[in-house]
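Peer 1: Okay, handing you the structure first.
The values are calculated or read from the model by the stated rules, or taken from the named source; none is laboratory data. A quick note: this is a predicted structure, and the numbers were derived from the prediction, not measured. With ideal geometry, Cβ positions are generated from the backbone for all residues, glycine too; neighbour counts draw on all protein chains shown.
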Amino acid sequence: MTLSGTSSIPLYYQLYRLLERFIFERHLKPGDRFPAEEAIASAFTVSRPTANRATRELLRRGWLRRERGRGTFVGASSHVELAIHSDELSFSDQFREDRRFVTRIALSRTRPAPDEVSHALGLPEGSPVVELRRVRSIDAHPLLVSDAYLSAERFPALEAEEMVDGSLFGTLREKYGVSVARCERWLGASEVVSQEVADLLRIPLLAPILLIRALVYDTEDRPIACTTTFAREGISFRATAHSHPENGSEAAKTFAQTVEREERSAP
């Protein structure tokens, strides 16, 4: 791993990114000791202030933590691995009990459905939908921002409901008697183009993220929710592949393609 002296990207930021990748790719665990700034400066042939600034950036973003008199250690939010299709089809159920996982509702309202949402959910154009924006954090560090749209007629007063164990799917099951049977998801590398999402994730605008789009179906194979999740760096996903995967619904594909076009054209 080397730094470029001719790049327009500041040295401290290059170093921060390399150290971030080091933590992520080596799967360093929370509590592992991290090299001292002197060692980092020597290894990369940079000044101590440059190493200090890169380390402070890692501390600010939750990759590292410091203990007075002991040193610098890998932070609790340094790396999270989730299953893209778990048994419960929910990210909320996958966090270990020893890590403090919190879901916060950042936005909850009823509004006319955007065209791509009404098409994906099989609703008449302009039907009212519940729009939910949730922030998922672990040990006080935000990891995911999830936007969800559901029919307001099918799930009345959902915008005022408290999430059951922080899970939208659990809330639909416990409070509306609707169980999720399957969930189609698409993952793609992107960058955050919304200042609000960037602020919620505490990352700079245009920082790299993973976009996860999904269409969720009930036991009668009717679409009940379409979602878009913004995942910051530090999260990896695993999935089980089958030899005869289904092609997926045309409505789900159209929804994913439309959202991507709108994000690319956003100011």
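Peer 1: Between I23, I9, which is closer than 17 Å to I203 by Cβ, free of Cβ contacts under 8 Å to residues at least 12 places away in the same chain and not charged (D, E, K, R)?
Peer 2: Result: I9 is the single residue among I23, I9 that is closer than 17 Å to I203 by Cβ, free of Cβ contacts under 8 Å to residues at least 12 places away in the same chain and not charged (D, E, K, R).
Peer 1: Restricted to the range 38-56, and to residues that are free of Cβ contacts under 8 Å to residues at least 24 places away in the same chain and under 30 Å from the mean Cα position of the chain (by Cα), which residue is nearest to E67 (Cα to Cα)?
Peer 2: Looking at the filtered set, the residue picked out is R56.
Yes or no, residue by residue, for (1) assigned to a loop (DSSP other than H, G, I, E, B); (2) at pLDDT below 85; (3) touching a Pro at 6+ places or on another chain (Cβ under 9 Å); (4) of a type in the set (A, V, I, L, M):
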| position | (1), (2), (3), (4) |
| --- | --- |
| P35 | yes, no, no, no |
| I40 | no, no, no, yes |
| R53 | no, no, yes, no |
| F73 | no, no, yes, no |
| S77 | yes, yes, yes, no |
| L89 | yes, yes, no, yes |
| R99 | yes, yes, yes, no |
| T110 | no, no, yes, no |
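Peer 1: Follow-up question, since we're still on this one. Please tell me if R154 is at pLDDT below 95, of a type in the set (D, E, K, R) and either under 17 Å from the mean Cα position of the chain (by Cα) or not in a strand (DSSP E or B) (or both).
Peer 2: In short, no.
Peer 1: Shifting gears a bit: Of all residues in the range 157-188, which are of a type in the set (F, W, Y) and either part of a strand (DSSP E or B) or in contact with a Phe, Trp or Tyr (Cβ under 7 Å, 6 or more places away or on another chain) (or both)?
Peer 2: Result: Y176, W186.
Peer 1: If you don't mind, there's one more thing I want to ask. Tell me the residue from V178, V129, V164 that is surrounded by 19 or more Cβ atoms within 10 Å (Cβ to Cβ) and free of Cβ contacts under 8 Å to residues at least 24 places away in the same chain, please.
Peer 2: It is V129.
Peer 1: Right, something else. How many of the residues in the range 114-151 are in contact with a Lys or Arg (Cβ under 8 Å, 6 or more places away or on another chain) and part of a loop (DSSP other than H, G, I, E, B)?
Peer 2: Matching residues across the range 114-151 total 3.
Peer 1: Mind checking which residues of the range 110-143 are over 30 Å from E233 (Cβ atoms) and among the charged types (D, E, K, R)?
Peer 2: R111, D115, E125, listed by residue number.
Peer 1: While we're on this one: Touching a strand residue (DSSP E or B) at 6+ places or on another chain (Cβ under 9 Å), among the hydroxyl-bearing types (S, T, Y) and modelled with pLDDT of 90 or more, is that true of Y176?
Peer 2: no
Peer 1: State the number of residues belonging to the range 202-211 that are among the aliphatic types (A, V, I, L, M) and touching a residue at least 60 places away in the same chain (Cβ under 8 Å).
Peer 2: 1
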